[in-house]
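K.L.:
Here's a structure for you.
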Amino acid sequence: MTTTPSGGARPRPKGPRPKHVPQRMCIACRDRSSKRTLTRIVRTPEGPVVIDPTGKRNGRGAYICEKPTCWERALRTDVLANALKTTIESEAADMLRRFAAEMPANNDPMAVTAQEDTNTDE
């Protein structure tokens, strides 16, 4: 048992502690979310900018959520370059655009309705 500032005993809560979920902020929309739901972009110590699917790579990282508008903003403006404290080379920007285009559009309601339309044609 632990004690309170008044000196009384405070019972410990029963059951296991809830698991700690690391929170990170999207550099584009500034929304906080769990680390696993965001995509980490890393400027490695060697210099190139790469996608880090494990979230554990060495280097300076920035997180982007899966919204297409966030990816567009991060690549259109200097938000990503400022977060990584580097300039984004054209090859890296092209690679990030391809990655963003291949992501499932979970937050885009038009993509869901278009997918449903293709499923009903069967």
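Quick note: the coordinates plus some simple rules give every number you see, no bench work behind them. Since the structure is predicted, the reported quantities are computational estimates derived from the model, not experimental observations. Don't worry about glycine lacking a Cβ; one is built from the backbone with ideal geometry, like all the others, and counts go over all protein chains shown.
K.L.:
Looking only at region 73-99, how many residues end up being over 18 Å from Arg40 (Cβ atoms) and touching a residue at least 12 places away in the same chain (Cβ under 8 Å)?
P.N.:
Of the residues in region 73-99, 1 are over 18 Å from Arg40 (Cβ atoms) and touching a residue at least 12 places away in the same chain (Cβ under 8 Å).
K.L.:
Of everything in region 59-70, what is within 18 Å of Asn82 (Cβ to Cβ) and either touching a Ser or Thr at 6+ places or on another chain (Cβ under 9 Å) or among the aromatic types (Phe, Trp, Tyr) (or both)? Give them in sequence order.
P.N.:
Gly59, Arg60, Tyr63, Ile64, Cys65 - these are the residues of region 59-70 that are within 18 Å of Asn82 (Cβ to Cβ) and either touching a Ser or Thr at 6+ places or on another chain (Cβ under 9 Å) or among the aromatic types (Phe, Trp, Tyr) (or both).
K.L.:
Being of a type outside the set (A, V, I, L, M) and under 16 Å from the mean Cα position of the chain (by Cα) is the filter; apply it to region 43-58 and report the residue that is nearest to Ala83 (Cα to Cα).
P.N.:
The qualifying residue nearest to Ala83 (Cα to Cα) is Arg43.
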